[in-house]
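K.L.:
Structure provided below as structure tokens; questions to follow.
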Amino acid sequence: MKWFRKAEDDVLSELNSNKEQGLTSEEANQRLSQYGPNELSEAEGSSALALFIEQLKNPMLIVLAIGGVLSGVGGHMIDAIAILVIVVANATITFLQELSAQKSLNALKEMGAPNALTLRNSNWQKIPVKDLVPGDLVKLNTGDVVGADLRVLSTNQLTIDESALTGESEPVEKNEEQLHAPELGIGDRVNMAFMSTMVTAGNGIGIVVNTGMNTEVGHIANLMQTAENVQTPMQRRLHTLSQALIAAAVAAVACVIGIGLYNGADWLEMLGTGISLSVAAIPEGLPTVVTIVLTMGAKQMALDNARVRQLASVETLGSTTVICSDKTGTLTQNQMQVVSYWSAGRSFDVTGQGFEPKGRFLDENKKELDLENTDELKYGLIISSICNDAILQEKDGRYSVQGNPTEGSLVVAAAKAGIYREELFKEGFALLKSFPFDSKRKMASAIVRGPLGRHWLIAKGAPDVLLKRSTHVYWHGDTHELNEHYQQEIAAGVEQFGERALRTLALAFVEIDEADVNKGQEEHEKDLTFLAMHGIIDPPRPEVVDSVAQCADAGIRTVMITGDHAATAKAIAEELGIRRSDDELVMTGPELEECSDRQLIDLAPKTSVFARVSPEHKQRIVKALQANNEVVAMTGDGVNDAPALRNADIGVAMGIAGTQVAKDSADLVLLDDNFSTIVSAVRQGRRIYDNLRKYLRAALTANVSEVSCVLFAFLLMGDNPLVPLTTIMILWINLFNDALPSLCLGWEKQEDDIMSRKPRKRNESFFADGLAARILVRGLTHGAIVYALFDLALSRGASTAYAQTLAFITLMFILSIHLLDARSFKSIFRLNPFKNKLLFSVMLATTGTTLAVIYSPLGGILFGTVALSAKHLLMSLMIAALPTLVLSSLKELFNIKFL
């Protein structure tokens, strides 16, 4: 029901209510039974136990669990326990993240008002908000939280802060007039008041038209409940990797057991070998390393003012192809500012940042104006300072405005010229009477007495309103009759401000007799002298222009999504470089309403600005972009943003201006509400993804090396093959010599070209750019060398234990040297091997510990190793360096990717 289009009598008739008596208790109870309590319902959530069990279905954890079970079956209980502890730890981390995500709807419910002043049985009485029903008449006063969706019936300077719903910080002036437009966004329904918004000034009476889940906030709650949980690109890649590892492990085990049984080997022996291979094929440390690397990235992002709520989203930022950003407070400063001043046919620029009272007034030649010799400016700033209820405050060097943001911008503009209301009063000015702004007059005025005892009515308001009430104009120090020439000059000034999407506020005055001071407002607000106009805007953040350009260089498109008017949004988008050509579309909410989902999918890639949008529109925009295979980051701060934050690949909430609902729905919270922080986070996301690929290269190369050396033994050693590596040796390499140093790759600095690359495709594998081939080539080479040394040692009469120890230490050396090469996707010859000091230190420590295992009696008991001769140890080290040095040389000389 479009209540904003209905006249007051029709609304009362439809709801069977009246303004004198309200509802009776019987009617209210009957409607409460019919419509239900005025509260938000919750979708039935999963129990904590069900959530935890769901985490155990992760394919990677299943792979690890299989390895643990097989180790246990083979009698290696220490191996089995270690692996199963990793499984439980990873499931617990994910479980805790899922549990925290369920808070957002609770936060939404807490935004409601506890009580409402309602007309029942002809008496105004306070009742719990949950008992409100359609047809109830509700009185609104300053400071009240609106308890349901209301059609406003009467107002007295009523303004309501709807920023939580629309994202726009400027309070909305309400009136009771019927609206006739067929479609209007929430921000344009000025005869409606919405649940969970706050009355900032004035009072009024409204009739309840919707309650509970039928309200606008209820609609948002429903969108949140039905929003799909979008898997991050990394989660999809890990899922694919897990399936590949399962297939590889099963294939390797089946191959070896099949060969062994075909050659007549004992099946128990084959089971033991199968266990060794399954452990070798599974990178046991992968989930833990991924979690740790993501946590490290999250900590670094926190230092850059970005708090991560969902660990998997850390990497997603690096995959982002589109950033959908709110305008107010993210791209702009969320501080209304006078940036231009017009008087006597001239425009002056006003410099400065935010609410800080530092700035200059510059003429057309960028020369600073002399206030004492520019009456139009001086008088205008005096009017702006006195005819104003806003207060400029300073605390710890930070300035803020208490009151209406637009009025605050006038106070700041006056302060930049050294004009303060308190000082004016000390100089002899006196405020005698005020006529506050209201939506009917669209102006405000005040009567003041000047230092010389003269009396003036000073006024501010919309230019067209003051022009209708003006008979003269102040022009270069003199008062002239407001003829057609001056009207055209003023109209040109208004048009000039309009082209820059500036909000225009005009100033006027008239001298009155002292005897007329007590006359009514209408008798004073006429025969005015038009003086000047302020051009006001919420200006862009200075650093955002560079950040948007960085995004463009990185192949990331920035799209503005705002509740503001299209002209303002377009001007800001062009100034920031978001809209770069006339070919890029600007779409409004009503235009979106007329688009089918298919049409929107086609238009979304061509559109750089979406204005006057609703919560549902934001969801549709996100889904349309995702349908174009985009990885979408969506910013937001209001309740209205929560559904889209949930649906986006990564939701980004504002930490300062954001509602708790938005923060609980997001993956990332910007602690400084700054778009540039997102760009820093993208850089971190790309670095983290690079480092995860480096880890995978090191870890999976180790796995291929282990599996292949065992396979070579079964393929080449005849009927009674010996295994080069025991299960405990493989597990030691995987969890200690490989996983621990590989983890240090998470500390690698970013590559030089990280922000000049195009984003990864949504479906791009971890193994893109020849990484899979590189892993196989290096791994098979390593495995062949290890097997060759093992076989050589046996052929020279060494014991099985000695040959296995030689294979063990050789593989450990090979993988350690390979780790130095894995630090970059370039070659080892272009790296300083000592730059990652942590990696180098850990490598020395793990190598020393492994040598201690080999040369200690306890190691011999646990690992079955024996001490090697110094000659064989040195030989092993020298041979271990060959594959990395030779293959890297070939790669450098011939630019072969898979090496």
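K.L.:
Which sequence of 752, 375 reflects their accessible areas, 1.4 Å probe, from the largest down?
P.N.:
752, 375
K.L.:
Using Cα atoms only, what is the angle between the long axis of helix 771-795 and the major principal axis of the chain, expressed in degrees (0 to 90) to the nearest 10?
P.N.:
Taking Cα atoms only, the helix is inclined about 20 degrees.
K.L.:
Using amide H atoms built 1.01 Å from N in the peptide plane, name the residues 5+ places from residue 306, or on other chains, whose amide H lies under 5 Å from its own.
P.N.:
671
K.L.:
Could you name the aspartates and glutamates whose alpha carbon sits less than 12 Å from that of residue 367, not counting residues in the same chain fewer than 8 places away?
P.N.:
Counting by Cα, and skipping residues close in sequence, residue 367 has these aspartates and glutamates nearby: 349.
K.L.:
With +1 assigned to the C-beta of every Lys and Arg and -1 to the C-beta of every Asp and Glu, and no other charges, what is the dipole magnitude of the chain about the Cα centre in debye, to the nearest 20?
P.N.:
My answer is approximately 3680 debye.
K.L.:
Continuing with this model, one more query. Quick one: net charge around residue 890, please, counting Lys, Arg +1 and Asp, Glu -1 for every other residue with C-beta under 13 Å from its C-beta.
P.N.:
Value of the local net charge: +2.
K.L.:
Could you check how much of the accessible area of the stretch 584-657 is carbon and sulfur, as a whole percent, using a 1.4 Å probe?
P.N.:
47
K.L.:
If you don't mind, another one. How much solvent-accessible surface does residue 747 expose, in Å² to the nearest 10, with a 1.4 Å probe and all protein chains in place?
P.N.:
Here the residue's solvent-accessible area equals roughly 120 Å².
K.L.:
Roughly how many whole Å is it from the C-alpha centroid of the stretch 317-356 to that of the stretch 557-615?
P.N.:
Their Cα centres are 18 Å away from one another.
K.L.:
What dipole magnitude, in Debye to the nearest 20, does the stretch 527-620 give about its Cα centre under +1 on Lys/Arg Cβ and -1 on Asp/Glu Cβ?
P.N.:
220
K.L.:
Rank these by accessible area, largest first, 1.4 Å probe: 455, 480.
P.N.:
So, going from the largest accessible area down, we get 480, 455.
K.L.:
Still on this model: Pairs to check: 19/468; 358/526; 835/897; 126/623; 358/663. Give those whose C-alpha atoms are more than 32 Å from each other in this structure.
P.N.:
Going by Cα-Cα distance, 19/468; 358/526; 126/623; 358/663 fall outside the 32 Å limit.
K.L.:
Something else now. In the stretch 462-531, carbon and sulfur make up what percent of the accessible area (probe 1.4 Å)?
P.N.:
So the carbon and sulfur contribution to the accessible surface is 42 percent.
K.L.:
Loop-only check: which GluC sites (Glu not before Pro) in the stretch 1-35 are DSSP coil with at most 13 other Cβ within 10 angstrom?
P.N.:
Loop-located and lightly packed - 20.
K.L.:
From the backbone phi of the stretch 203-209, what are the Karplus-calculated ³J(HN,Hα) couplings (6.51 cos²θ - 1.76 cosθ + 1.60, θ = phi - 60°) in whole Hz, Gly and Pro given as x?
P.N.:
Calculated HN-Hα couplings, in order: 8, x, 10, x, 10, 5, 10 Hz.
K.L.:
Taking Cα atoms, how many degrees apart are the long axis of helix 566-576 and the longest axis of the chain, rounded to 10 and kept between 0 and 90?
P.N.:
Approximately 50 degrees, to the nearest 10.
K.L.:
Toward the positive end of the charge dipole of the stretch 742-789, about the Cα centre and with charges on Cβ (Lys, Arg +1; Asp, Glu -1), which of 785, 773, 759 goes farthest?
P.N.:
The residue sitting farthest along the positive end of the dipole is 759.
K.L.:
When the accessible area of the stretch 303-370 is split by element with a 1.4 Å probe, what percent falls to carbon and sulfur?
P.N.:
Answer for the stretch 303-370: carbon and sulfur cover 42 percent of the accessible area.
K.L.:
Could you tell me how many degrees, from 0 to 90 and to the nearest 10, lie between the Cα long axis of helix 59-73 and the main elongation axis, the longest principal axis, of the Cα atoms of the chain?
P.N.:
The two axes meet at around 30 degrees.
K.L.:
Considering the options 728, 626, 657, tell which one lies farthest towards the positive end of the dipole of the stretch 625-734, charges being +1 on Lys and Arg and -1 on Asp and Glu at the Cβ, about the Cα centre.
P.N.:
728
K.L.:
Through the Karplus equation 6.51 cos²θ - 1.76 cosθ + 1.60, θ set to phi - 60°, convert the phi angles of the stretch 373-388 into ³J(HN,Hα) values in whole Hz; use x for Gly and Pro.
P.N.:
In residue order, the calculated couplings are 9, 10, 4, 4, 6, 4, 5, x, 6, 5, 4, 4, 7, 7, 7, 6 Hz.
K.L.:
Add +1 for every Lys or Arg and -1 for every Asp or Glu among the other residues with Cβ under 10 Å from the Cβ of residue 608, and state the total.
P.N.:
Overall, the nearby charge balance is +2.
K.L.:
Per the helix-only calculation at 222 nm, which mean residue ellipticity applies to the chain, given -39500 (n - 2.57) for every DSSP H run of n ≥ 4 and division by its residues, nearest 500 deg cm²/dmol?
P.N.:
Calculated at 222 nm, the ellipticity per residue is -15000 deg cm²/dmol.
K.L.:
List the trypsin sites (Lys or Arg not before Pro) within the stretch 798-890 that fall in a DSSP loop (any state other than H, G, I, E or B) and whose Cβ has at most 15 other Cβ atoms within 10 Å.
P.N.:
When the trypsin sites (Lys or Arg not before Pro) of the stretch 798-890 are filtered for loop state and at most 15 Cβ neighbours within 10 Å, 826, 835 remain.
K.L.:
From the Cα gyration tensor of the stretch 716-845, with a ≥ b ≥ c the square roots of its eigenvalues, which class applies: rounded if a/c is under 1.5, or else prolate if a/b is larger than b/c, or else oblate?
P.N.:
The shape class here is prolate.
K.L.:
For the stretch 491-571, report the accessible area per residue in Å² (1.4 Å probe, heavy atoms, rounded to an integer).
P.N.:
40
K.L.:
If you roll a 1.4 Å probe over the heavy atoms of the protein chains, what accessible area per residue do you get for the stretch 574-661, in Å²?
P.N.:
Spelled out: the 1.4 Å probe surface of the stretch 574-661, per residue, equals 35 Å².
K.L.:
Another one. Considering the values (1) 114, 87, 39; (2) 123, 73, 48; (3) 97, 79, 77, which represents Cα extents along the principal axes in Å as calculated for the structure under consideration?
P.N.:
(2)
K.L.:
For the stretch 241-249, just list the computed ³J(HN,Hα) in residue order, Karplus coefficients 6.51, -1.76 and 1.60, θ = phi - 60°, integers in Hz, with x standing in for Gly and Pro.
P.N.:
Working through the residues one at a time gives 4, 4, 4, 5, 5, 4, 4, 5, 5 Hz.
K.L.:
Solvent-accessible area per residue for the stretch 437-476 at a 1.4 Å probe radius, Å²?
P.N.:
Computed with neighbouring chains in place, this is 43 Å² per residue.
K.L.:
Using alpha-carbon pairs under 8 Å, 6+ residues apart, how would you state the relative contact order of the chain in percent?
P.N.:
Value for the chain: 13 percent.
K.L.:
May I ask you to order 662-670, 680-688 by the average number of other C-beta atoms within 10 Å around their residues, highest value first?
P.N.:
In descending order of packing, they fall as 662-670, 680-688.
K.L.:
Quick check: net charge around residue 348, other residues with Cβ under 13 Å of its Cβ, Lys/Arg +1 and Asp/Glu -1?
P.N.:
Around residue 348, the surrounding residues sum to 0.
The values are calculated or read from the model by the stated rules, or taken from the named source; none is laboratory data. Model, not experiment: these values are computed from the prediction. Neighbour counts run over all protein chains shown; Cβ positions are idealised from the backbone, glycine included. All accessible areas refer to the heavy atoms of the entire protein, side chains included, with ligands and DNA or RNA removed. Shrake-Rupley method; radii C 1.70, N 1.55, O 1.52, S 1.80 Å.
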